[in-house]
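These notes are about the structure you will find just below.
The values are calculated or read from the model by the stated rules, or taken from the named source; none is laboratory data. The structure presented is a predicted model; accordingly, all values stated were derived computationally and were not measured. Positions of Cβ are backbone-derived with ideal geometry, glycine not excepted, and every protein chain shown enters the neighbour counts.
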Amino acid sequence: MNNYSRLAVPFLEFKDQIIKYRDEAQKILSLPISDEDSLAMVSDQTRGWEAEVNDTLRNSFEQKENLLYREFIETPQEFRIPSFQNEQIKKPLGERVKVINNRLIAKKEFLDYNLKIIEACDAIKQDANVDLVQRKKYSMQEKLNFLLKKLYDLNDDASYPFEMLFVGNGIPLKNMLEVGQIATMLEDSGYVICNRGMGSEITGSITASGQIFVEEALQPYQENYDEITSDRAEIAEAIDSIKEQLINLSYGQEILFNELEELKDSYGKMNKKNWGQLIKGKLLDLALAKLVDNDTISFIYERLTGHDLHLLH
């Protein structure tokens with residue numbers, strides 16, 4: 001697969017090894033450096049630590065030249081351990097100590113950040129308890145829900161790569177633009193904050209509004225369409241009233257009015273549950289296509305069914 005490749009070792013074994021490296025890095029950072037000898041010793045330990053991490057990252061995945069291994073080597077490019085034969089007299093001791101410490105901190109933080117991503121990616125972990133075949137069939141709505149839930153689980157001060165969270169979880173993308181479209185929909189809804197990088201790279205984090213929607217979705221909830229009236233005339237009157245109110249608000253979406261007329265015609269040809277689900281499906285499709293805003297579809301749904309629209313279901 002793209003990105004990191006799949007792990008060739010059990011995830012918990014890999015995780016324990018990365019945590020060990022993180023702790024070792026912290027110990028090196030705590031070593032006192034007061035002269036050239038102690039600086040040389042810390043530099044040697046840092047090089048040895050990096051070599052061990054490089055070896056582990058290279059051999060822990062099915063593809064040895066995997067993205068994580070390559071990026072760890074390159075991180076951070078601006079902090080290079082100086083060669084003490086050539087450079088020890090060029091810069092003050094304090095500056096060289098700072099270079100080594102900053103390099104080690106950056107690499108330690110890189111491991112922490114990417115461990116979180118890998119832990120959130122079932123296909124990379126090769127989690128046998130997850131049905132990856134089913135994920136290949138995900139609809140757009142299911143992709144939106146999935147990404148929000150992953151960002152909710154990862155929620156901290158960091159921004160996470162959307163494409164990685166899809167591909168790393170066995171969810172294929174139809175084309176290069178799909179991630180951007182999904183990000184825009186969630187951003188317009190106020191559920192995520194996005195950072196757009198080079199090319200198609202998009203990272204983001206969940207907002208407070210997004211957290212609330214996910215928390216509502218996680219609560220036990222049973223759709224109930226019993227409050228839908230059994231009187232066909234009342235349904236026709238309600239739909240006509242909705243259209244009139246939308247027109248008065250200068251909301252003249254022809255496609256929405258056509259959908260409302262189809263709902264009117266289909267009433268009575270199916271039971272309340274199926275008709276309620278039809279309403280929801282039509283409205284969510286319009287919202288995802290950005291033809292109707294969330295407030296409008298919520299208003300229509302509540303008017304016809306008698307209860308709130310839970311957008312993440």
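Residue count for the stretch 7-37, restricted to those that are more than 28 Å from the chain's Cα centre (by Cα) and exposed (fewer than 14 other Cβ atoms within 10 Å of the Cβ): 9.
Being surrounded by 13 or more Cβ atoms within 10 Å (Cβ to Cβ) and either under 21 Å from the mean Cα position of the chain (by Cα) or modelled with pLDDT under 90 (or both) holds for only one residue in GLU52, GLU119, GLU74, GLU78, and it is GLU119. Kindly indicate whether any position in the stretch 280-302 is outside the structural domain of ALA183 (by TED's automatic domain parsing), among the β-branched types (Val, Ile, Thr), farther than 30 Å from THR184 by Cα and at pLDDT 85 or above. Looking through the stretch 280-302, none of the residues is outside the structural domain of ALA183 (by TED's automatic domain parsing), among the β-branched types (Val, Ile, Thr), farther than 30 Å from THR184 by Cα and at pLDDT 85 or above.
All told, LYS98 meets the bar of being surrounded by 13 or more Cβ atoms within 10 Å (Cβ to Cβ), modelled with pLDDT under 95 and more than 27 Å from GLU201 (Cβ to Cβ). Exactly one residue out of TYR267, TYR221, TYR225, TYR251 is modelled with pLDDT under 80, surrounded by 14 or more Cβ atoms within 10 Å (Cβ to Cβ) and either hydroxyl-bearing (Ser, Thr, Tyr) or touching an Asp or Glu at 6+ places or on another chain (Cβ under 6 Å) (or both): that is TYR251.
Being buried (at least 16 other Cβ atoms within 10 Å of the Cβ), in contact with a Gly (Cβ under 9 Å, 6 or more places away or on another chain) and outside the structural domain of LEU67 (by TED's automatic domain parsing) is a property that holds for LEU186.
Listed here are the residues, each with its yes/no results for (1) more than 17 Å from GLY210 (Cα to Cα); (2) in the same structural domain as TYR113 (by TED's automatic domain parsing); (3) under 12 Å from the mean Cα position of the chain (by Cα); (4) surrounded by fewer than 17 Cβ atoms within 10 Å (Cβ to Cβ).
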site: SER139; (1), (2), (3), (4): yes, no, no, yes
site: LEU144; (1), (2), (3), (4): no, no, yes, no
site: LEU151; (1), (2), (3), (4): no, no, yes, no
site: ALA158; (1), (2), (3), (4): no, no, yes, yes
site: GLU163; (1), (2), (3), (4): yes, no, yes, no
site: GLY170; (1), (2), (3), (4): yes, no, no, no
site: LEU173; (1), (2), (3), (4): yes, no, no, yes
site: LEU177; (1), (2), (3), (4): yes, no, no, yes
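Of the helices (runs of 4 or more DSSP H) entirely within the stretch 94-200, those holding at least 1 residues that are within 30 Å of GLN17 (Cα to Cα) occupy 122-125, 132-135, 140-154, 162-167. On inspection, ASP127 qualifies as among the acidic types (Asp, Glu) and touching a residue at least 12 places away in the same chain (Cβ under 8 Å). Summed over the stretch 270-284, the residues that are crowded, with 16+ Cβ neighbours inside 10 Å and closer than 20 Å to PHE213 by Cα give a count of 3.
With respect to the stated conditions, ALA40 is of a type in the set (Gly, Ala, Ser), surrounded by 12 or more Cβ atoms within 10 Å (Cβ to Cβ) and modelled with pLDDT under 95.
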